[in-house]
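Just below is one structure, and these are the notes that go with it.
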There are 2 protein chains.
Amino acid sequence: MEEFNGVRCHGEAVEAFVKSLVVGAGASEESAAAVARALTDASMRAVDTHGVRLTPHYLRGLKAGRIKTTPSVRIDRLAPGIVHVDADDGLGHLASYRGIEAGIAVARENGMAAVSIGNSTHHGATGCYTLAAARQGFAALGMTNADAIVAPHDGVKAFFGTNPISFAVPVTEGQPLLLDMATSSIPLNRVLLRRDTGAPLPPEVAIDGDGAMTTDPFAAAALVPLGGANYGYKGAGLAVMVDLLCSAFTGMLHGAQLPSFAGDNVTWPARLGHFFIIFDTKAFQPQQAFAERIVAFLADLRAQPARPGERVMAPGDPEWEALADRTANGMPIDAATWDVLGAFAKAYGCVPPAVIATATAHRD
Amino acid sequence: MEEFNGVRCHGEAVEAFVKSLVVGAGASEESAAAVARALTDASMRAVDTHGVRLTPHYLRGLKAGRIKTTPSVRIDRLAPGIVHVDADDGLGHLASYRGIEAGIAVARENGMAAVSIGNSTHHGATGCYTLAAARQGFAALGMTNADAIVAPHDGVKAFFGTNPISFAVPVTEGQPLLLDMATSSIPLNRVLLRRDTGAPLPPEVAIDGDGAMTTDPFAAAALVPLGGANYGYKGAGLAVMVDLLCSAFTGMLHGAQLPSFAGDNVTWPARLGHFFIIFDTKAFQPQQAFAERIVAFLADLRAQPARPGERVMAPGDPEWEALADRTANGMPIDAATWDVLGAFAKAYGCVPPAVIATATAHRD
């Protein structure tokens, strides 16, 4: 994790600013509100790789026509337990929040629901949506596929996206349990950053063009699935599961067939798929007993003895600590992102949020 | 993977033999048939750690009363999309196969189904049950919790079971896609075997009593989650998900509260939970289009360029190669297991299967 200078602003002010920029790029009010909500949520939890730093990507996609500015999101009930969301090539954030709402409605009467989302685009951090379900008292499993940057185990060429898995459970005392993890060891951003800083990569996270493990960020041609040289077949197996649930089950393409997120081609519809499962926990167990078990589990886990200088944490705990800090002291925005957003603000006639402090922001 | 001598027998003959032993230990016909089916299925796919080698464990559990010989498995529909199976402290194999059947029935009308199983015992390899669903044309996600042998990330003491995740999808041309992976890097068996052979463990798969990584099988006090020293929080996060879906959602205890599978106490009910999700794929997408996408995905994956001397494989491919070999040449059974099973056969008046060849069996 590298550090550098930036500014801090109030989260609500950033959210309003991002929304105004996205409206400035032509998006509908509801599309803009969804992307601003998701990016702010991620940044407030220090998931900066999927936070407001991504705003320019979406602004460019909207302007170029790759992302539809005013999509007609359509929701169909395919079966008593399944809803399908057609995102109509609009922002994936809107389709995903809508899918969670529709899934919750189905889970209320059915006990659980599958939500398949097709014709979508990049939706930021998948954990934003499982978290939205948990905030309403529902557990959720979430996945998305993405364009290929991760090699198969023993492969030499990218085939999978980082294909994240997220799982959230509501907790009556405190913040939800929130897992949100790529099925690769590191994100592509880490490689790009190390190219800037010249620092080597950790071992067994990337391969060169011949498929050999490399720690040289310039030689890195693809990422490696979670598990590295010996156990990468497990991370790759999870990537397969995510890829299929988000493609064959949603009617979309698998990761290796998708256009590049980072490439120059921003006009081709992304045709991404997402997949969620919503659980009404009180349909499984009595509400009070379930709540007590979750609280007891988390207390037991967090009380486990740790290596010197470390703590045993539950999934999401680092995010909740960041949220507390950023709620109190503002959201840090790195200087490069701040400058780019400022230029868009000028072009679209939007007003940037007040700077409440200079900040040492992290970037990973 | 270590090699040693054993025998080879026809799979069907082994299945009948195992069933006769389990009946000999007092179990009901249907209980015995379920465990024999699962153990034979695992062994035929070379998942020997969860194959017929486990038979003595179940025989002892049945005799000691930890596993009920004639359980009354009860199935309740908790909601339109949820069935709960009460295993009544019987063999987990019976409850799991029953749960898959009940889940398929629900998925046929509902599109999908959650199957929560409580009051269960060790069910062998979770992949046996997702595979059973795939053989009937349904995709399935499966999990089980287990007694604690895996430390939390940065922890010094076992807290999670190996908490496997399995995912199976039917394939119209060829065998199903079948992922079945522990959320630790290695199974406990690997440590025990290395104590026999004296060979060191791979790096970053186990810790000593102070929480430091160790390759000494005698110093190993707990396993490490998938991801090792740097990314073990991801494997641990998956272990949390499995643990909660199999405990809080099923009404059972979490892994750290369960009695030891390997310990001397074989009288306490195991109180294990399992969790499955069944998907009727044709409720998501037109049947033919779905089938074609799966076939195309697998062809694309298997055709990916590989490092010299390697092949890119789909989840389950090594198992299907083993199945072909073992169907043609018989199932290898290691000499130690063969001797123990022979002693039980003598005690119960059962007839061991014919030996069709001596074999070099592997044990990992």
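The values are calculated or read from the model by the stated rules, or taken from the named source; none is laboratory data. This structure is a prediction, so every number in the text was calculated from the model and none was measured. Here the Cβ is made from the backbone with ideal geometry for all residues, glycine too, and neighbour counts use every protein chain on show.
Taking the numbered list (1) of a type in the set (Gly, Ala, Ser); (2) within 14 Å of another protein chain (Cβ to nearest Cβ); (3) closer than 23 Å to B:GLY211 by Cα in turn, B:ALA146 passes all entries but (2). Count of the stretch B:311-334 residues, restricted to those that are hydrophobic (A, V, I, L, M, F, W, C), farther than 30 Å from A:VAL242 by Cβ and surrounded by 15 or more Cβ atoms within 10 Å (Cβ to Cβ), is 2. Each residue in the stretch B:206-221 was checked for being in contact (Cβ under 8 Å) with a residue 40 or more places away in the chain and either part of a loop (DSSP other than H, G, I, E, B) or in the same structural domain as B:VAL83 (by TED's automatic domain parsing) (or both), and 4 pass.
A single member of A:LEU223, A:LEU253, A:LEU245 is under 21 Å from A:ASN145 (Cα atoms) and either over 20 Å from the mean Cα position of the chain (by Cα) or surrounded by fewer than 24 Cβ atoms within 10 Å (Cβ to Cβ) (or both), and it is A:LEU253. Of all residues in the stretch A:266-310, those satisfying the criterion of being touching a residue at least 24 places away in the same chain (Cβ under 8 Å), aromatic (Phe, Trp, Tyr) and crowded, with 21+ Cβ neighbours inside 10 Å are A:PHE275, A:PHE276, A:PHE279, A:PHE284.
Do we find a residue being more than 10 Å from chain B (Cβ to nearest Cβ), free of Cβ contacts under 8 Å to residues at least 60 places away in the same chain and either closer than 30 Å to A:ASP317 by Cβ or out of contact with any Ser or Thr (no Cβ under 8 Å at 6 or more places or on another chain) (or both) anywhere in the stretch A:109-127? Within the stretch A:109-127, not a single residue is more than 10 Å from chain B (Cβ to nearest Cβ), free of Cβ contacts under 8 Å to residues at least 60 places away in the same chain and either closer than 30 Å to A:ASP317 by Cβ or out of contact with any Ser or Thr (no Cβ under 8 Å at 6 or more places or on another chain) (or both).
Based on what the data block shows, is B:ALA151 over 14 Å from A:LYS234 (Cα atoms) and of a type in the set (A, V, I, L, M, F, W, C)? Outline the logic, then answer.
Details: over 14 Å from A:LYS234 (Cα atoms): yes; of a type in the set (A, V, I, L, M, F, W, C): yes.
Against the criterion (over 14 Å from A:LYS234 (Cα atoms) and of a type in the set (A, V, I, L, M, F, W, C)), B:ALA151 qualifies.
Here's the yes/no breakdown for (1) within 14 Å of chain B (Cβ to nearest Cβ); (2) surrounded by fewer than 22 Cβ atoms within 10 Å (Cβ to Cβ); (3) closer than 24 Å to A:ILE277 by Cα:
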position	(1), (2), (3)
A:LYS157	yes, yes, no
A:GLY161	yes, no, yes
A:GLN175	no, yes, yes
A:MET181	yes, no, yes
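Being more than 10 Å from every other protein chain (Cβ to nearest Cβ), polar (S, T, N, Q) and outside any helix (DSSP H, G or I) is a condition met by no residue of the stretch B:193-205. Each residue in the stretch A:230-259 was checked for being closer than 30 Å to B:VAL224 by Cβ and modelled with pLDDT of 95 or more, and 17 pass.
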